[in-house]
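**Student:** Got a structure here, written out as structure tokens. Questions coming.
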């Protein structure tokens, strides 16, 4: 156990030495939301949103950005690089299994994302008056299974990519899908219904984050013709994605 | 009892036979070399020894353990330096040593290891800022950080400059003097000749010869040459009458005497009896390169 703690501390230090991952994964979501909040039209109640505010509606999407950067960009690139450079092979000659470095990476990224989320929720609350999550425990659950599913996809990319370049490439494709379904490129209330519903089922599940953060706004993405599935179903699907993708990753993962 | 014992090892990858019936034993305190061209099966052999590969046939015993069944225990006691394995770019020298040390039950004195390996002033340097020689020394340090009984070193000095190579060789001898048995894989003749107590020459997956470097040379040595400038003219027949001499050639003022056995002694005795001094006397002997050619039918570096 102390070996894992030590490995996690070292991987954590290495993470902090990657300005791109820290900057875009941890700080950027909060920064971007604050930046958008600096535009009066986006932070004031608008008839376009039935009197709600854009920043409130969009806050979970900022979280999706951080999760996608850490989950399907940082993780696959780091792990594929470790494999390509023989770091994993080197570890397999010690009494420690190379899976330990994987577990350590996941712990580090989970902690980093918790910090990034706390920054986002906290700064949105303090600066933009976005209320704290209505249902904190369910929000935490939506965060954990949602990010878990994204991480599992990242592991799967790392497992199947033959080298670090391919890992970054495959990761970017998944990244775009996650960002799109999460409403990063086009706010979800402007999307056609079926694309909005796509976001309910695509990790990390932006709808579940929105419902547990600002419940009364969730209805905005729900049109008469197609209602969002129940929260339990959304979380269940994220958990399923997490289990299936991580099982596949574990089977396909090559250590060298 | 041998520290490492390999018996009838076979390993194939698809249709390619990488290792074909290799057997050898390494004794305690030895520097045992495996020498051969690239693709000869050296790395597959050592990877099987350290449990990274499963042999198709044959048995391996390291410190009395089976590398597959007792892999965790084996890894406690066998330090490995792999070919082409790097560390994360931003990992610092001390962090690497400390981390790898924490993986073993009895880590070595890490500070001392840094000093012995000449890395003390690079303690806080990130891996990517190290020179090739420093990376190699760190890699050796990591192979030794668990206080192993056996160190397996694969292509120790590839990519190092001549000074760094000599320093690394000195270091390996010091490690051996501390009681560590060393299995060294190399495709450098001079490295094998300088370091190894015994040497297995592997070619196309088979052991072509196994002996001390001197023994291998002697096996290969069919003829030697003695070259000198006689202080006075001398009748060739004085030399050609000797049973050891097979031919005498003139090369300017020099004589080149070719023969076998104790050629030098036979020649100098005849000269002494005739009051002739052999000036600029040189004995040309076969080296390990010649031995390799004789044993495998081709030169090592191609």
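The values are calculated or read from the model by the stated rules, or taken from the named source; none is laboratory data. These numbers come from a predicted model, not from an experiment. Here Cβ is always computed from backbone atoms with ideal geometry, including for glycine, and neighbour counts include all displayed protein chains.
**Student:** Evaluate the following for residue B:142: is it under 21 Å from residue A:8 (Cα atoms), within 29 Å of the chain's Cα centre (by Cα), modelled with pLDDT under 95 and surrounded by 20 or more Cβ atoms within 10 Å (Cβ to Cβ)? First the steps, then the outcome.
**Tutor:** Working: under 21 Å from residue A:8 (Cα atoms): yes; within 29 Å of the chain's Cα centre (by Cα): yes; modelled with pLDDT under 95: yes; surrounded by 20 or more Cβ atoms within 10 Å (Cβ to Cβ): yes.
It is true that residue B:142 is under 21 Å from residue A:8 (Cα atoms), within 29 Å of the chain's Cα centre (by Cα), modelled with pLDDT under 95 and surrounded by 20 or more Cβ atoms within 10 Å (Cβ to Cβ).
**Student:** Failed condition for residue B:88, given (1) touching a helix residue (DSSP H, G or I) at 6+ places or on another chain (Cβ under 6 Å); (2) more than 9 Å from chain A (Cβ to nearest Cβ), with all others met?
**Tutor:** Unmet condition: (2).
**Student:** So the check is Cβ under 6 Å with 6+ separation or different chains; which pairs have a first residue in the range B:97-111 that's more than 16 Å from residue A:11 (Cβ to Cβ) and at the interface with chain A (Cβ under 7 Å from one of its Cβ atoms) and a second one that's part of a loop (DSSP other than H, G, I, E, B) and modelled with pLDDT of 90 or more?
**Tutor:** Qualifying pairs under 6 Å: B:104/B:146.
**Student:** Could you go through the range B:175-189 and let me know if any residue there is within 14 Å of another protein chain (Cβ to nearest Cβ) and assigned to a helix (DSSP H, G or I).
**Tutor:** For the range B:175-189, residues within 14 Å of another protein chain (Cβ to nearest Cβ) and assigned to a helix (DSSP H, G or I): absent.
**Student:** Restricting the search to the range B:203-232, which residues are part of a strand (DSSP E or B) and more than 14 Å from the chain's Cα centre (by Cα)?
**Tutor:** Across the range B:203-232, the qualifying residues are B:203, B:206, B:207, B:208, B:224, B:225, B:226, B:227, B:228, B:229, B:230.
**Student:** I need the full set of residues from the range A:137-164 which are surrounded by fewer than 16 Cβ atoms within 10 Å (Cβ to Cβ) and at pLDDT below 90, in order please. Step through it out loud before you land on a result.
**Tutor:** Taking the range A:137-164 first, the residues surrounded by fewer than 16 Cβ atoms within 10 Å (Cβ to Cβ) are A:137, A:140, A:162-163.
Matches in the range A:137-164: A:162, A:163.
**Student:** Mind checking which helices (runs of 4 or more DSSP H) fall wholly inside the range A:23-117 and carry at least 3 residues that are more than 30 Å from residue B:104 (Cβ to Cβ), under 15 Å from the mean Cα position of the chain (by Cα) and away from chain B (no Cβ under 14 Å)?
**Tutor:** Once the helices (runs of 4 or more DSSP H) in the range A:23-117 are filtered for at least 3 residues that are more than 30 Å from residue B:104 (Cβ to Cβ), under 15 Å from the mean Cα position of the chain (by Cα) and away from chain B (no Cβ under 14 Å), what remains is A:28-37, A:54-68.
**Student:** Mind telling me which of the residues B:98, B:170 ends up being outside any loop (DSSP other than H, G, I, E, B) and more than 22 Å from residue A:91 (Cβ to Cβ)? Break it down stepwise before answering.
**Tutor:** On the way: B:98 fails: more than 22 Å from residue A:91 (Cβ to Cβ).
From the options B:98, B:170, the qualifying one is B:170.
**Student:** Same structure again: I'm told residue B:224 meets every condition in (1) under 30 Å from residue A:81 (Cβ atoms); (2) surrounded by 15 or more Cβ atoms within 10 Å (Cβ to Cβ) except one. Can you identify the failing condition by its number?
**Tutor:** Status for residue B:224: all satisfied but (1).
**Student:** Here's something else I'd like to know. What are the residues in the range A:39-55 that are within 18 Å of residue A:213 (Cβ to Cβ) and at pLDDT 85 or above, if any?
**Tutor:** Hit for the range A:39-55 is A:55, nothing else.
**Student:** Does residue B:54 fit the bill of being farther than 24 Å from residue B:211 by Cα and in a loop (DSSP other than H, G, I, E, B)? Outline the logic, then answer.
**Tutor:** Working: farther than 24 Å from residue B:211 by Cα: yes; in a loop (DSSP other than H, G, I, E, B): yes.
The answer is yes for residue B:54.
**Student:** With the requirement that a residue be assigned to a loop (DSSP other than H, G, I, E, B) and either surrounded by 12 or more Cβ atoms within 10 Å (Cβ to Cβ) or at pLDDT 85 or above (or both), what does the range B:253-285 give you? Before the answer, list the steps.
**Tutor:** Let us first name the residues in the range B:253-285 that are assigned to a loop (DSSP other than H, G, I, E, B), namely B:253, B:260-262, B:274-277, B:285.
Listed by number, the residues that qualify are B:253, B:260, B:261, B:274, B:275, B:276, B:277, B:285.
**Student:** Filter the range B:62-75 for residues that are touching a helix residue (DSSP H, G or I) at 6+ places or on another chain (Cβ under 7 Å) and not in a strand (DSSP E or B); which is farthest from the other protein chains (Cβ to nearest Cβ)? Reasoning before the result, please.
**Tutor:** Restricting attention to the range B:62-75, the residues satisfying the condition of being touching a helix residue (DSSP H, G or I) at 6+ places or on another chain (Cβ under 7 Å) are B:62-63, B:65, B:67.
Retained after the next criterion (residues that are not in a strand (DSSP E or B)): B:63, B:67.
On the way: B:63: 14, B:67: 11 Å.
Once the filter is applied, the top-ranked residue is B:63.
**Student:** Could you grab the pairs with beta carbons closer than 8 Å, sequence gap of 6+ or different chains, first residue in the range B:114-132 and farther than 21 Å from residue B:85 by Cβ, second one crowded, with 19+ Cβ neighbours inside 10 Å and modelled with pLDDT of 95 or more?
**Tutor:** As it stands, the answer is B:123/B:92; B:123/B:93; B:124/B:92; B:124/B:93, since those pairs meet every condition given.
**Student:** So, in the range B:106-139, of the ones that are assigned to a loop (DSSP other than H, G, I, E, B) and either in contact with a helix residue (DSSP H, G or I) (Cβ under 6 Å, 6 or more places away or on another chain) or buried (at least 17 other Cβ atoms within 10 Å of the Cβ) (or both), which residue ends up modelled with the lowest pLDDT?
**Tutor:** Taking the range B:106-139 as the starting set, the residues that turn out to be assigned to a loop (DSSP other than H, G, I, E, B) are B:106-109, B:117-119, B:123-125, B:130-131.
Still in the list and also either in contact with a helix residue (DSSP H, G or I) (Cβ under 6 Å, 6 or more places away or on another chain) or buried (at least 17 other Cβ atoms within 10 Å of the Cβ) (or both): B:107-108, B:117, B:119, B:123, B:125, B:130.
Working: B:107: 92, B:108: 90, B:117: 84, B:119: 90, B:123: 93, B:125: 96, B:130: 93.
Restricting to residues being assigned to a loop (DSSP other than H, G, I, E, B) and either in contact with a helix residue (DSSP H, G or I) (Cβ under 6 Å, 6 or more places away or on another chain) or buried (at least 17 other Cβ atoms within 10 Å of the Cβ) (or both), the top hit is B:117.
**Student:** Another question about this same structure. Kindly indicate the residue of the range A:165-210 that is in contact with a helix residue (DSSP H, G or I) (Cβ under 6 Å, 6 or more places away or on another chain) and without any contact (Cβ under 8 Å) to a residue 40 or more places away in the chain and also farthest from residue A:150 (Cα to Cα) among those meeting that condition. Talk me through it step by step, then tell me what you get.
**Tutor:** Here is the first cut: in the range A:165-210, the ones in contact with a helix residue (DSSP H, G or I) (Cβ under 6 Å, 6 or more places away or on another chain) are A:167-168, A:170-171, A:174-175, A:178-179, A:181-184, A:188-189, A:196, A:198-210.
Still in the running and without any contact (Cβ under 8 Å) to a residue 40 or more places away in the chain: A:181, A:196, A:198-202, A:207.
Values: A:181: 13, A:196: 18, A:198: 15, A:199: 13, A:200: 14, A:201: 12, A:202: 9, A:207: 15 Å.
So, considering only residues that are in contact with a helix residue (DSSP H, G or I) (Cβ under 6 Å, 6 or more places away or on another chain) and without any contact (Cβ under 8 Å) to a residue 40 or more places away in the chain, the one farthest from residue A:150 (Cα to Cα) is A:196.
**Student:** Identify all residues within the range B:76-85 that are within 10 Å of residue B:147 (Cβ to Cβ) and either in contact with a strand residue (DSSP E or B) (Cβ under 8 Å, 6 or more places away or on another chain) or more than 7 Å from every other protein chain (Cβ to nearest Cβ) (or both); write none if there are none. Spell out how you get there, then give the answer.
**Tutor:** Taking the range B:76-85 as the starting set, the residues that turn out to be within 10 Å of residue B:147 (Cβ to Cβ) are B:76-77, B:79.
Those that are within 10 Å of residue B:147 (Cβ to Cβ) and either in contact with a strand residue (DSSP E or B) (Cβ under 8 Å, 6 or more places away or on another chain) or more than 7 Å from every other protein chain (Cβ to nearest Cβ) (or both): B:77, B:79.
**Student:** Let me ask you something else. Does the range B:41-48 include one or more residues that are over 24 Å from the mean Cα position of the chain (by Cα), at negative phi and more than 9 Å from chain A (Cβ to nearest Cβ)? Spell out how you get there, then give the answer.
**Tutor:** Here is the first cut: in the range B:41-48, the ones over 24 Å from the mean Cα position of the chain (by Cα) are none.
So far as the range B:41-48 goes, no, none of its residues is over 24 Å from the mean Cα position of the chain (by Cα), at negative phi and more than 9 Å from chain A (Cβ to nearest Cβ).
**Student:** Which members of the range A:1-22 meet the condition of being within 16 Å of the chain's Cα centre (by Cα) and within 12 Å of chain B (Cβ to nearest Cβ)?
**Tutor:** A:21
**Student:** Which condition breaks for residue B:232 when tested against (1) surrounded by 18 or more Cβ atoms within 10 Å (Cβ to Cβ); (2) under 30 Å from residue B:253 (Cα atoms)?
**Tutor:** All conditions are met except number (1).
**Student:** Continuing with this model, one more query. Taking the criterion of being more than 12 Å from the chain's Cα centre (by Cα) and part of a helix (DSSP H, G or I), would at least one residue in the range B:153-162 satisfy it? Give the derivation first.
**Tutor:** First pass over the range B:153-162, keeping only residues more than 12 Å from the chain's Cα centre (by Cα): B:158-162.
Those left that are additionally part of a helix (DSSP H, G or I): B:162.
There is at least one residue in the range B:153-162 that is more than 12 Å from the chain's Cα centre (by Cα) and part of a helix (DSSP H, G or I).
So that you can scan it fast, the table gives a plain yes or no per residue for (1) closer than 25 Å to residue B:203 by Cβ; (2) surrounded by 17 or more Cβ atoms within 10 Å (Cβ to Cβ); (3) modelled with pLDDT of 90 or more:
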| position | (1), (2), (3) |
| --- | --- |
| B:9 | yes, yes, yes |
| B:18 | yes, yes, no |
| B:26 | yes, yes, yes |
| B:39 | yes, no, no |
| B:64 | no, no, yes |
| B:75 | no, yes, yes |
| B:93 | no, yes, yes |
| B:97 | no, yes, yes |
| B:103 | no, yes, yes |
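**Student:** Kindly establish whether residue A:170 is more than 14 Å from the chain's Cα centre (by Cα) and at pLDDT 85 or above.
**Tutor:** Working: more than 14 Å from the chain's Cα centre (by Cα): yes; at pLDDT 85 or above: yes.
Judged against the criteria, residue A:170 is a match.
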